[in-house]
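Report on one structure; see the data block that follows.
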Amino acid sequence: RRNPAARRPARPRRAGRPADGGRHPRTVWKRAISFGLVYIPVHLHTAARDSTLDLDLLDSRDFAAVGYQRYNKRTGKVVDWGDVIKGYEYKKGQYVALTDEDFRRANVEASQTIDIVSFAEHADIPSEYFEQPYYLEPTEGGEKTYVLLREAMRNASKVANGSFVNRGRQHFCAIVVRDRAVMLNTLRFAEELVPAKDLDLPSADARSARVSRQEVAMARRLVEEMSEAWKPE
């Protein structure tokens with residue numbers, strides 16, 4: 001009864017078929033890219049689809065969907081929505097209650113722009129920072145400045161770093177060029193990444209692991225023999 005998987009009906013999908021049947025990417029919102037005196041009105045479209053299967057919880061006796069309930073873990077009794085509040089556990093079993101007004105005051109001021117603050121080399125952004133990709137499509141009247149930004153970034157081999165606000169939360173992002181498209185990738189914050197310093201990893205010096213040059217050369221030949229063009233499909 002407590003499993004949230006029962007909330008949504010199953011949506012069976014045929015293997016290899018896009019989740020939306022190949023339709024135009026879904027428009028998320030309308031914004032504008034801003035840097036210096038350049039202002040580019042754009043639509044943001046999703047660039048990735050979730051291909052996982054959603055499964056229901058069913059009663060084996062009659063295949064009826066199994067619901068779930070909110071319950072008090074201390075008493076086991078069902079709790080009405082009107083009695084549910086949000087709280088932060090600052091110490092085991094100790095909470096600070098948060099109201100709608102607290103969330104309203106903490107929200108970052110909404111903005112209609114994606115503000116570019118700097119440009120960098122693509123290799124300077126580690127892959128673990130990339131989170132979610134989107135397409136940026138110019139709206140009517142923004143085609144020329146869109147091409148201007150795209151070709152300037154392509155010629156300079158640069159990635160734009162910026163920020164925007166969506167649903168009360170600030171996001172950092174990287175704007176990159178992919179063929180004819182300008183794409184936006186949301187980036188994780190540094191504190192969201194787990195450092196590897198506490199892992200028991202071998203030394204960077206191969207000799208300390210008793211790996212000979214001949215063994216490294218043999219492994220490299222194997223890598224080269226198995227190398228081919230990347231075909232994600």
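A few remarks follow.
- Choice from Y129, Y39, Y90 with maximal GNM fluctuation in the chain (Cα, 10 Å cutoff): Y90
- For segment 86-145, the equivalent ellipsoid built from the Cα gyration tensor has semi-axes of 37, 21, 11 Å, listed from largest to smallest.
- For the chain, the solvent-accessible area works out to 80 Å² per residue, with a probe of 1.4 Å and every protein chain left in place.
- Simple label model, 7 Å out from Cα along Cβ direction - A97 to W81, nm: 2.0
- Here r is the Cβ-Cβ distance between E109 and K73 and R0 is 35 Å; the resulting FRET efficiency, rounded to 0.05, is 0.40.
- At q = 0.11, 0.12 Å⁻¹, base-10 log of I(q)/I(0) for the chain (Debye sum, equal scatterers on each alpha carbon): -0.98, -1.08
- Violating pairs (Cα-Cα greater than 29 angstrom) within the set K158/K231; K92/K197; K30/K144; K30/K158: none
- Summary of packing: across the peptides 218-228, 162-172, the per-residue average of other C-beta atoms within 10 Å ranks them, highest first, as 162-172, 218-228.
- Paramagnetic label reach from E131 (point 7 Å along Cα→Cβ; backbone nitrogen cut-off under 20 Å): within segment 169-190, residues 169-177, 183-190.
- Of the accessible area of segment 54-179, computed with a 1.4 Å probe over protein heavy atoms only, carbon and sulfur atoms account for 50 percent.
- Across segment 37-174, the fraction of Cα-Cα pairs farther apart than 24 Å, rounded to a whole number, is 59%.
The values are calculated or read from the model by the stated rules, or taken from the named source; none is laboratory data. As the structure is a prediction and not an experimental result, all values here were calculated from the model. Here the Cβ is made from the backbone with ideal geometry for all residues, glycine too, and neighbour counts use every protein chain on show. Protein only, heavy atoms only, side chains kept; ligands, DNA and RNA dropped before computing areas. Shrake-Rupley method; radii C 1.70, N 1.55, O 1.52, S 1.80 Å.
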